[in-house]
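We did not get these values from a lab; they are worked out from the coordinates using the rules stated. Every value quoted in this text rests on a predicted model; they were computed, and no experiment measured them. Heads up, the Cβs are rebuilt from the backbone with ideal geometry, glycines too, and the neighbour counts pull from every protein chain shown.
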């Protein structure tokens, strides 16, 4: 039904220095926002990675000018850091991320699908009306941390979730919930190691 993408697949007891020079860094958020560059006439989007650590708080803004060219701007504790050091910090923080991709979905009894619906379905994803991800499922209540659904105006449905940033490394259970066009609820859990 889906797959989880996260770096690292083994367990390690050795402490890892996540970002050299920072004590116990924790990712607070990774969010997209709009920016304008100097001399630019158009609005672009950038990423803002907010971090807290023993030295204080700050953020690194990641501006992707083209697939080959990326700039980083430091705020707070990252102010004055060289481009290479900020890029290394961002790369390291991505190791604490995961995302889910919906790769397949099957209706349990295809014979019960009305003919007029069957004629409109071109691919497996047409059966999916809504799907959501609980990034840290505790075998109790489903807490959606990311969701995608169709509306009457927007019929397209993303099949890959946004990246989720974990505060710390560890083992997590991710639960993916799918609701099909008939209202049937299907869930599948995945265990993943985030390092």
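When the chain is treated as a Gaussian network with alpha carbon springs shorter than 10 Å, the biggest mean-square fluctuation among 178, 90, 106 belongs to 106. Relative to the longest principal axis of the Cα atoms of the chain, the long axis of helix 83-94 lies at roughly 40 degrees.
FRET efficiency for the residue 150 to residue 87 pair, using the beta carbon distance and R₀ = 41 Å, is estimated at 0.65.
Springs join every pair of Cα atoms under 10 Å in this Gaussian network model of the chain, and among 29, 95, 41 the largest mean-square fluctuation is at 41. Site pair residue 121 and residue 107 shows an inter-label distance of 0.3 nm when each label is modelled 7 Å from Cα along Cα→Cβ. Largest GNM mean-square fluctuation among 83, 44, 92, using the chain with Cα springs under 10 Å: 44. In plain terms, the chain from residue 66 to residue 160 could stretch by 31.7 nm, reckoned as 0.36 nm per residue minus the Cα-Cα distance. Considering region 98-194 at the alpha-carbon level, its Rg and Dmax are found to be 14.9, 49 Å. Note on the chain: helix-only mean residue ellipticity at 222 nm, from DSSP H runs of 4+ residues weighted -39500 (n - 2.57) and normalised by residue number, equals -2500 deg cm²/dmol. Sorted ascending by nearby beta carbons within 10 Å, beginning with the fewest, 116, 87 become 116, 87.
Computed over region 71-117, the convex hull of the alpha-carbon atoms projects to a mean area of 6.9 nm². Mean sequence separation of contacting Cα pairs (under 8 Å, at least six apart), scaled by the length of the chain, corresponds to a relative contact order of 22 percent.
Modelled spin-label separation between residue 189 and residue 168, with each label point placed 7 Å from Cα along the Cα-to-Cβ direction: 2.2 nm.
With each label modelled as a point 7 angstrom along the Cα→C-beta vector, the residue 75-residue 37 pair spans 1.9 nm. The structure-derived value of Kirkwood radius over Cα pairs in Å appears in the list (i) 17.3; (ii) 22.2; (iii) 19.3 under the label (iii).
Under 1.5 on a/c is rounded, so check that first for region 19-95, then, if it is not, pick prolate when a/b is larger than b/c and oblate when it is not; a ≥ b ≥ c are the square roots of the alpha carbon gyration tensor eigenvalues. In terms of gyration-tensor shape, prolate.
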